[in-house]
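Following: one structure in structure tokens, then a few remarks.
Here, each number is a calculation from the coordinates, and none is a lab measurement. Please read these numbers as outputs of a predicted model, since none were measured by experiment.
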Amino acid sequence: MPLFTIRNLSVAYGGKTVLSHVDMDVSKGEIVTIVGPNGSGKSTLLRAIVGSVIPATGSVSKPTGMTIGYVPQTLSLHPGLPLTVRRFLSLPIPVSDDAAAKALELTGADNLGAAAMSSLSGGQFQRVLLARAVLGSPDLLLLDEPTQGLDQPGSAAFYRLIDTLRHEIGCAVVMVSHELHVVMSASDRVICLNGHICCEGTPEVVSNAPEYRALFGTLTGGALALYRHEHDHDHAGAHTHDHAHDPSHGPGRDA
């Protein structure tokens, strides 16, 4: 039984459709990675799951009481702000010392409670954001390109941690990534998004499809995403939607 279900979801900003007729199910304990070019609506899809955008059509069905932890794409803190990691974990809602200590331990940041947020390295900062997201053991963990700015070993370590957390907490994970190695090594399922769902399936099925592509390498600094076309469905076994990749949904700033 799915943890949550999306049906016929469309989202528009200022008269421009960003997402069109998206159907999606995510099960408890599953790691789903969303890939696609800039402007494909990946962040908008996460915001729709959270409930911070109003869809033009369709719905996101979540069970009553389902809790969500969220790691944003970016978070800027003033370097002069006298804020420790422990105090940061209690914003905006105070949490107990025990809860804070457990979250930091789960994310491998248990020695950072007294550290200033401004003193953290990139990898430490991401682990603290993750600790804040797992406070209270959420049912669903959403991550919007959480390793942006980390080197490849740092990214690999972070996503190994995500895999450990989904077993420790028992949560589902939906994450946005441009990193192909993450898609291949850390996901149960891949959804390729470009305004609509172009295709989806296991990483193995998608990567072994003859027509899979690494797109937009020169346009996004080497970012890679997998796509297959409608006519590829029969011989490769991936679930391909009615909408093949449409150049009119070209690269732009991700919504």
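Numbers at a glance
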| read-out | value |
| --- | --- |
| Ratio of Rg to Rh over region 72-118 (Cα coordinates, Kirkwood Rh, two decimals) | 0.96 |
| Size descriptor, Kirkwood hydrodynamic radius, that averages inverse alpha-carbon separations across region 1-120, Å | 17.2 Å |
| In order through region 31-48: 3J(HN,Hα) via Karplus (6.51 cos²θ - 1.76 cosθ + 1.60), integer Hz, x for Gly, Pro | 10, 10, 10, 9, 10, x, x, 4, x, 7, x, 4, 5, 4, 4, 4, 5, 5 |
| Cα Rg over Rh - region 3-48, Kirkwood | 0.99 |
| Viscosity 1.002 mPa s, temperature 20 °C, Stokes-Einstein D of region 124-207 from Kirkwood C-alpha radius, µm²/s | 158 µm²/s |
| Residues with amide H under 5 Å from that of LEU193, placed H, sequence gap 5 or more | VAL35, GLY36, CYS198 |
| For region 188-200, Karplus couplings with θ = phi - 60° (6.51, -1.76, 1.60), whole Hz, Gly/Pro x | 7, 8, 10, 10, 9, 10, 8, x, 9, 7, 6, 6, 7 |
| Stretch gain in nm, segment ASP25-HIS181, where the contour uses 0.36 nm per residue and the Cα spacing is subtracted | 53.8 nm |
| Note, ³J(HN,Hα) from phi for region 73-90, Karplus 6.51, -1.76, 1.60, rounded to Hz, x at Gly and Pro | 5, 9, 8, 9, 10, 4, x, x, 6, x, 10, 7, 4, 4, 5, 4, 5, 9 |
